[in-house]
1. So which pairs qualify, if the first residue must be in the stretch 83-100 and among the polar types (S, T, N, Q), the second must be assigned to a helix (DSSP H, G or I), the Cβ gap must be under 7 Å, and the two must be at least 6 apart or on different chains?
2. Inspect all residues belonging to the stretch 293-301 and state whether any of them is within 30 Å of GLN12 (Cα to Cα) and at pLDDT 90 or above.
3. Could you list, in sequence order, all residues of the stretch 43-87 that are hydrophobic (A, V, I, L, M, F, W, C), at pLDDT 75 or above and either outside any helix (DSSP H, G or I) or loosely packed, with under 10 Cβ neighbours inside 10 Å (or both)?
4. Which residue out of LEU118, LEU129, LEU141 is at pLDDT below 90 and in a helix (DSSP H, G or I)?
5. Would a scan of the stretch 282-291 turn up a residue that is modelled with pLDDT under 65, within 25 Å of LYS191 (Cα to Cα) and surrounded by fewer than 14 Cβ atoms within 10 Å (Cβ to Cβ)?
6. Out of the residues in the stretch 1-34 that are of a type outside the set (A, V, I, L, M, F, W, C) and outside any helix (DSSP H, G or I), state the one that is modelled with the lowest pLDDT.
7. Can you tell me which of TYR156, TYR165 is surrounded by 13 or more Cβ atoms within 10 Å (Cβ to Cβ), in contact with a Phe, Trp or Tyr (Cβ under 9 Å, 6 or more places away or on another chain) and modelled with pLDDT of 90 or more?
8. Given the criteria touching a helix residue (DSSP H, G or I) at 6+ places or on another chain (Cβ under 8 Å) and either outside any helix (DSSP H, G or I) or on the phi > 0 side of the Ramachandran plot (or both), does LEU257 qualify?
Amino acid sequence: MTQNRKDELYDQMIAWICEHIKNDEDLFLTLNGHFGMTKDELHDHSIESLDRFFPTEEAEETEAVATGESVHPVGISLTDFISKVSDMVSSDDKTAVLDWIEFAGFMTEVDESGRRTLESELQELYLPLCYVRNNFSNLVLQQSLELDTIGNEIIYGAMMFAAGYPDNVVRDIGNEGHMEDGYIPLSADEKGSLFVVAIAGRNDCIFIGNNMEGSTTFECLRRAVQLAEMRGRDIVSVLEHPATAGMPLRKISDERLIDAVKISCTASTAIDHITVYDPVTEEVRLTTTQGLTTEQRDAFFCCGAPDQADGITQQM
């Protein structure tokens, strides 16, 4: 394939995504969050409406480092920090405060691009743990805090704990690489940012996405089904490609994690809605998880249209 052809396909892909994702926030999450496109790269495609989603404070911080200006953390002074840490140390021996001052000093380290290295790593742990706190039980939060894992595995781990799996099983699944590429929230106060896409009767895979309204998910899945039928392809192969499916999804294939995701639809508030394609009835069905019972949840994931119960919405 020539470079010109690659460039042509790339331009067509961007144009297709912009045409089919109307919501600016969803478009930003797809182009920047999933594909990693920078502001300059978006500008190359005449996409300037998403500028407001880029963190301006971080950009100013990076520019200050590049020009040799000093960068000062905001929000708390050093004396206030020492005072608060001293209060946290219950012993009469306050020398542990020195360790915390040294630790805080690491927060000012920056990499070659001017990004604070430890701060970034801490954010990637802190935000998922906040999501667990906001959406799961306190017991699950405590188990998550004790689990030695990376940030993008934390929410999947919480789902495992919520489903009753013990620490050793959760660690094994993590070591096998099944929990990688999980969701990193955008803020510390998020609730119900995730959604599930499934094929009824298929227990070998399930898909998770984030920050998309149920109606949008429904329309994307409906179009993906039509595309799969038109091209004679399996629906799973269509959903695996974000540009084709019209939504960025993460495929999960481990049966234990699939079980945990389904349970989390009613055992937590982490998942906002479920959208299922039923190959038996050839229907796409959507339901919100709020007020959903365990029985309704299990019926919704199965083949055949279940009797409609309170809280379940079916769309044709």
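The values are calculated or read from the model by the stated rules, or taken from the named source; none is laboratory data. Note that this is a predicted model, so its numbers are computed, not measured. Counting neighbours? That spans all protein chains shown, and the Cβs are built from the backbone with ideal geometry, glycine included.
1. SER86/VAL97
2. Among the residues of the stretch 293-301, not one is within 30 Å of GLN12 (Cα to Cα) and at pLDDT 90 or above, which makes the answer no.
3. Selection gives ILE47, LEU50, PHE54.
4. Testing whether each residue is at pLDDT below 90 and in a helix (DSSP H, G or I) leaves just LEU118.
5. The first filter runs over the stretch 282-291 and keeps only residues modelled with pLDDT under 65, leaving none.
Scanning the stretch 282-291, I find no residue that is modelled with pLDDT under 65, within 25 Å of LYS191 (Cα to Cα) and surrounded by fewer than 14 Cβ atoms within 10 Å (Cβ to Cβ), so the answer is no.
6. Within the stretch 1-34, the first condition is being of a type outside the set (A, V, I, L, M, F, W, C), and the residues that meet it are 2-8, 10-12, 19-20, 22-26, 30, 32-34.
Filter again for outside any helix (DSSP H, G or I), leaving 2, 22-23.
Working: THR2: 68, LYS22: 71, ASN23: 76.
Per the stated criteria, the residue is THR2.
7. One residue alone meets the criteria, TYR156.
8. The answer is no for LEU257.
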